[in-house]
């Protein structure tokens, strides 16, 4: 499993060295948190839903993790173009270990980004209800990071054009985020919209974090964790299969 550790550490070092990447990935969630949180806060309160920052924070944390994790697949395309991927694939180790190392590395970076946004949310007025809830929320965040890093790697394994990858990711990420309940409550939605939201894996990540951090959940924390576990295993398996089919 040495290759897993090496690839994991390599992605962490890449992230630490890229200060612009750190700043850029935090600015967008911060703008959403401040603009929406304080802008729609009075409307949310008048509707009898309470503090919007308290509701919104989990969705914005999920947003940060989602964007960082899925776009980590871009590194596979760049490594393929510069020859590093070929050098890795010809090493006497299984491709599953290579994929696992890259997934854990990308997920760790995404988790770190989510943690930064979590602390920014505390400054903005977000207040988790319990210490155990923070732990469970971070577990949900970690599972989400693994799921969408695996998705990014799975898609990148079938592509060699970075621009095409960005277009596909943007086309996929925006609906996933806006149809996850990150910005609005899930109660009372039209049946068609509710059905779409229920099949979105990000919905359960947002609901799991919100339930853990604030005690307010739509599906139940247990159901969220079960769904996230099943989806995580499924996407890791899919990512491993597609990565094993890469032609060098």
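Listed values, structure above:
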{"read-out": "Lone unmet requirement of (1) farther than 22 Å from residue 29 by Cα; (2) surrounded by fewer than 24 Cβ atoms within 10 Å (Cβ to Cβ) for residue 112", "value": "(1)"}
{"read-out": "Residue in segment 142-149 that is more than 24 Å from residue 6 (Cα to Cα), out of contact with any strand residue (DSSP E or B) (no Cβ under 9 Å at 6 or more places or on another chain), free of Cβ contacts under 8 Å to residues at least 40 places away in the same chain and surrounded by 14 or more Cβ atoms within 10 Å (Cβ to Cβ) present", "value": "no"}
{"read-out": "From 223, 209, residue being touching a helix residue (DSSP H, G or I) at 6+ places or on another chain (Cβ under 9 Å) and under 14 Å from residue 57 (Cα atoms)", "value": "209"}
{"read-out": "Helices (runs of 4 or more DSSP H) within segment 1-87 that include 1 or more residues modelled with pLDDT under 75 and surrounded by 21 or more Cβ atoms within 10 Å (Cβ to Cβ)", "value": "2-17, 19-39"}
{"read-out": "Subset tally (residues that are in a loop (DSSP other than H, G, I, E, B) and either touching a helix residue (DSSP H, G or I) at 6+ places or on another chain (Cβ under 8 Å) or under 20 Å from residue 38 (Cα atoms) (or both)) for segment 91-143", "value": "7"}
{"read-out": "Residues located in segment 218-248, provided they are buried (at least 18 other Cβ atoms within 10 Å of the Cβ) and more than 23 Å from residue 173 (Cα to Cα)", "value": "221, 246"}
{"read-out": "Any hit, segment 145-164, residues being over 18 Å from residue 75 (Cβ atoms) and part of a loop (DSSP other than H, G, I, E, B)", "value": "no"}
{"read-out": "Every pair of residues 6+ apart whose Cβ atoms lie under 7 Å, when the first sits in segment 183-204 and is in contact (Cβ under 8 Å) with a residue 12 or more places away in the chain while the second is exposed (fewer than 11 other Cβ atoms within 10 Å of the Cβ)", "value": "none"}
{"read-out": "Residue within segment 236-245 that is closer than 21 Å to residue 63 by Cβ and out of contact with any strand residue (DSSP E or B) (no Cβ under 9 Å at 6 or more places or on another chain) present", "value": "no"}
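The values are calculated or read from the model by the stated rules, or taken from the named source; none is laboratory data. Predicted, not measured: the structure shown is a model, and the values here were computed from it. Positions of Cβ are backbone-derived with ideal geometry, glycine not excepted, and every protein chain shown enters the neighbour counts.
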